Amino acid sequence: GQNIDQPTEMTATEGAIVQINCTYQTSGFNGLFWYQQHAGEAPTFLSYNVLDGLEEKGRFSSFLSRSKGYSYLLLKELQMKDSASYLCAVRGNFNKFYFGSGTKLNVKP
Amino acid sequence: DGGITQSPKYLFRKEGQNVTLSCEQNLNHDAMYWYRQDPGQGLRLIYYSQIVNDFQKGDIAEGYSVSREKKESFPLTVTSAQKNPTAFYLCASSISWDPSYSNQPQHFGDGTRLSIL
């Protein structure tokens, strides 16, 4: 079966850096995506990794190690508006996407 | 402005009733998906369609049905056989099943919240 694990909840302080981890075991791998989802809203795309290494996009960076089945999302200079759930998703075979349960990030002043 | 439109935003179902959730996209995407999200949980795949007139069951298809008669439309029917339908339903699309587009993310609609009366 497919398995994608993320921590359930994290808390961090405004202005700090936080790392959200994701480990996965899926049948087929065609890329890993991170999405942000505010409560009651649709997920929005943050980043994509398919090769090992770090991808940087402004305050957000994402890292992938395919051999370890591991990724993380790094958020720098945290802002209150970053309080949301962060979903890790793997594109498997046949263009199917598998999602983790999401990590709820609480940013406090 | 291209996107995915889901309607209605809120829906109530009576016992024994079938209800249909609408999903329309004008992104010219080949693939469309339906997910269910329960409180504090991730997205679970109900059905997906890679191309018009074709669709496949996802992980939790029981009690649901879909059709894909047009490229832009992928309605989901929640039947009376689905005993616990209360959830947030999200429709998504992606450009193609073709691996050359593997870096393209899914796009999501704003969701439909379904409750039981």
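Which one is farthest from the other protein chains (Cβ to nearest Cβ) among residues in region B:35-78 that are in contact (Cβ under 8 Å) with a residue 40 or more places away in the chain and more than 20 Å from residue A:43 (Cβ to Cβ)? So the residue we want is B:77. In region B:9-18, the qualifying residues are those that are out of contact with any Ser or Thr (no Cβ under 6 Å at 6 or more places or on another chain) and assigned to a loop (DSSP other than H, G, I, E, B), and the one that is surrounded by the most Cβ atoms within 10 Å (Cβ to Cβ) is B:17. Among the residues of region A:7-30, those identified as facing another protein chain (nearest Cβ under 10 Å) and under 21 Å from residue A:108 (Cα atoms) are A:8, A:9. So, residue A:57, is that one over 23 Å from residue B:87 (Cβ atoms), charged (D, E, K, R) and in contact (Cβ under 8 Å) with a residue 24 or more places away in the chain or not? The answer is no for residue A:57.
Find the residue count for region B:79-94, including only residues that are surrounded by 17 or more Cβ atoms within 10 Å (Cβ to Cβ) and either part of a loop (DSSP other than H, G, I, E, B) or more than 10 Å from chain A (Cβ to nearest Cβ) (or both). If you could, list the steps in order and put the result at the bottom.
Here is the first cut: in region B:79-94, the ones surrounded by 17 or more Cβ atoms within 10 Å (Cβ to Cβ) are B:82, B:85, B:87-94.
This time we only want the ones that are either part of a loop (DSSP other than H, G, I, E, B) or more than 10 Å from chain A (Cβ to nearest Cβ) (or both), so: B:82, B:85, B:87, B:89, B:93.
Result for region B:79-94: 5.
Hey, among the residues in region B:19-52 that are touching an Asp or Glu at 6+ places or on another chain (Cβ under 7 Å) and farther than 17 Å from residue B:110 by Cα, which one's surrounded by the most Cβ atoms within 10 Å (Cβ to Cβ)? So that I can check it myself, show each step before the final result.
Applying the first criterion (touching an Asp or Glu at 6+ places or on another chain (Cβ under 7 Å)) to region B:19-52 yields B:24-26, B:44-45, B:50-51.
Filter once more, so that each one left must be farther than 17 Å from residue B:110 by Cα: B:50-51.
Working: B:50: 19, B:51: 13.
Ranking the qualifying residues of region B:19-52, first place goes to B:50.
Would you confirm whether or not region A:84-96 contains a residue that is away from chain B (no Cβ under 12 Å), farther than 27 Å from residue B:101 by Cα, in contact (Cβ under 8 Å) with a residue 12 or more places away in the chain and in a strand (DSSP E or B)? Yes, region A:84-96 contains at least one residue that is away from chain B (no Cβ under 12 Å), farther than 27 Å from residue B:101 by Cα, in contact (Cβ under 8 Å) with a residue 12 or more places away in the chain and in a strand (DSSP E or B). Counting only residues that are within 14 Å of chain B (Cβ to nearest Cβ) and not hydroxyl-bearing (Ser, Thr, Tyr), which one in region A:97-109 is surrounded by the most Cβ atoms within 10 Å (Cβ to Cβ)? Filtering region A:97-109 for residues that are within 14 Å of chain B (Cβ to nearest Cβ) and not hydroxyl-bearing (Ser, Thr, Tyr), the one surrounded by the most Cβ atoms within 10 Å (Cβ to Cβ) comes out as A:102.
Here are A:33, A:63: which of them is modelled with pLDDT of 95 or more and away from chain B (no Cβ under 14 Å)? I'd like the intermediate steps shown before the answer.
Working: A:33 fails: away from chain B (no Cβ under 14 Å).
From the options A:33, A:63, the qualifying one is A:63.
The values are calculated or read from the model by the stated rules, or taken from the named source; none is laboratory data. Note that the structure is predicted; figures quoted are calculated from it, not measured. Note: ideal-geometry Cβ built from the backbone for every residue, glycine included; neighbour counts use all protein chains shown.
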